[in-house]
Amino acid sequence: MNTDTVNQPGSVTSALLERVAEAIREAGGWLPFDRFMAIALYEPGLGYYTNATPKFGQMPEGVAGQGSDFVTAPELSPLFGHTLARQVAQALASTQTDEVWEFGAGTGALALQLLDALTALGQAPRRYTIVDLSGSLRERQRATLARHADRVVWADRLPAVFDGVVIGNEVLDAMPVQLLRRVGGQDEGTWHERGVALAHDGRLAWADRPTALRPPLAVEGPHDYLTEIHPQGEAFVRTLAERLVRGAAFFIDYGFPEAEYYHPQRHMGTLICHRAHRSDDDPLTDLGLKDITAHVNFTGIALAAQDAGMAVLGYTSQGRFLINCGLLEVAKDAGSRENAMLSKLVNEHEMGELFKVIGLAPLPSAEGWNPMGFATGDRTHRL
């Protein structure tokens, strides 16, 4: 199939369904959810993040011509990136590196904000590398970043070794997860891994199989329980630790520490889909047309980093991190509309508390400095 010709939403869904069905048959009739999620999001030319459908913006389809599915912090306000740039500048200077690496750069909005602000601070990086698998998004990024074209390059993967400051905004939540379901209570319940199969009518259906896999914490209670584990996200962090020689990494995402993630009351898990600024819990429909995400277990990320030789520089809420980095000073001349957007970034009932920031660094690079973003309100002890 020539996936370049698959542009219409219905064509994307039918072609991707065909690909998933093929994978199910090749796997013997049952596909683990993490494999299904990888195809749904990243299948070349068809997956949600690799096809040409619009994704990012403040308005849903039919409003202001955007046709977006969700909004990220850089789209809410350029002052998000301008404030984050202060932390990046400190990290570049403290680790004596001169390159920024961004994973999953979306529209390029955050890269533009960081490059503009770093240039204004007199700390423009020698090179800004974007790691992104989407060809359509790369073209959008290229247009957005035209005035910094001499510094920006793209990569499909990490090199064997590298230096620099790594940024990932809403990257970890899009990494495929495994689904685990307990039937019955803590003492006598049985655990299953949830996967995807084909129903008699050709539609996708849930299918569970007994498994030895378990969440990292025992979940108390007599009730059924559905949750996620994150081997791919943790493997990504271990790979980063193996290859980042000097520098630091900052990941911003929604999630919890382990004790909150596997709380008995969170019995339906955190898996969620986004389309046209609405959410649903059915990833088996509208393939390729909606995002599929799960909250981040930040304890698992921290432990994976430490096991691979990195230090945790800090962990706190997005709101506290931005304030620590000088958001109030950056926004001192902001107008009323800009201030309204900024309130969404820092208020506890908006993104300020649900989103967290974790900082990591190779052990030699972690010594001798204290990241400004964690100066107050550091919650590392709660991981």
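The values are calculated or read from the model by the stated rules, or taken from the named source; none is laboratory data. Keep in mind that what you see is a predicted model, and the values were worked out from it rather than measured. Reconstructed Cβ throughout: ideal geometry from the backbone, glycine too, with neighbour counts over all protein chains shown. The area values use the complete protein model at the heavy-atom level, side chains included, leaving out ligands, DNA and RNA. Shrake-Rupley method; radii C 1.70, N 1.55, O 1.52, S 1.80 Å.
Restricting attention to segment 200-213, the residues being open to solvent by less than 80 Å² (accessible area, probe 1.4 Å) and farther than 23 Å from THR293 by Cβ number 1.
Scanning segment 271-309 for residues that are open to solvent by less than 10 Å² (accessible area, probe 1.4 Å), of a type in the set (A, V, I, L, M, F, W, C) and in a strand (DSSP E or B) turns up CYS273, ILE292, VAL296. For ARG266, which of the numbered conditions (1) modelled with pLDDT of 95 or more; (2) open to solvent by less than 40 Å² (accessible area, probe 1.4 Å); (3) out of contact with any Lys or Arg (no Cβ under 7 Å at 6 or more places or on another chain); (4) not acidic (Asp, Glu) fails to hold? Just one mismatch for ARG266, condition (2).
Restricting attention to segment 214-246 and to residues that are farther than 30 Å from PHE162 by Cα and in contact with a Pro (Cβ under 9 Å, 6 or more places away or on another chain), the residue that is most open to solvent (accessible area, probe 1.4 Å) turns out to be GLU220. Restrict the check to segment 123-135 and report whether at least one residue is open to solvent by less than 10 Å² (accessible area, probe 1.4 Å), at pLDDT 95 or above and assigned to a helix (DSSP H, G or I). No, that holds for no residue.
Quick check on segment 100-110. Is at least one of its residues open to solvent by 10 Å² or more (accessible area, probe 1.4 Å) and assigned to a helix (DSSP H, G or I)? Within segment 100-110, one or more residues are open to solvent by 10 Å² or more (accessible area, probe 1.4 Å) and assigned to a helix (DSSP H, G or I). Check whether at least one residue in segment 337-344 is open to solvent by less than 30 Å² (accessible area, probe 1.4 Å) and closer than 19 Å to VAL166 by Cα, and report yes or no. For segment 337-344, residues open to solvent by less than 30 Å² (accessible area, probe 1.4 Å) and closer than 19 Å to VAL166 by Cα: absent. Selection over segment 173-199 of residues that are within 21 Å of GLU234 (Cβ to Cβ), aliphatic (A, V, I, L, M) and either in contact with a Cys (Cβ under 9 Å, 6 or more places away or on another chain) or open to solvent by less than 10 Å² (accessible area, probe 1.4 Å) (or both) gives a count of 4. Take the conditions open to solvent by 20 Å² or more (accessible area, probe 1.4 Å) and within 22 Å of THR72 (Cβ to Cβ) and apply them to VAL330. Does it pass? Judged against the criteria, VAL330 is a match.
When HIS349 is tested against the conditions (1) touching a helix residue (DSSP H, G or I) at 6+ places or on another chain (Cβ under 6 Å); (2) assigned to a loop (DSSP other than H, G, I, E, B), the lone failure is (1).
Yes/no matrix, rows are residues, columns are (1) modelled with pLDDT of 95 or more; (2) under 17 Å from LEU84 (Cβ atoms):
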| position | (1), (2) |
| --- | --- |
| GLN318 | yes, yes |
| GLY326 | yes, yes |
| GLU329 | yes, yes |
| LYS344 | no, yes |
| GLU353 | yes, no |
| ALA366 | yes, no |
| PHE374 | yes, yes |
| GLY377 | yes, yes |
| THR380 | yes, no |
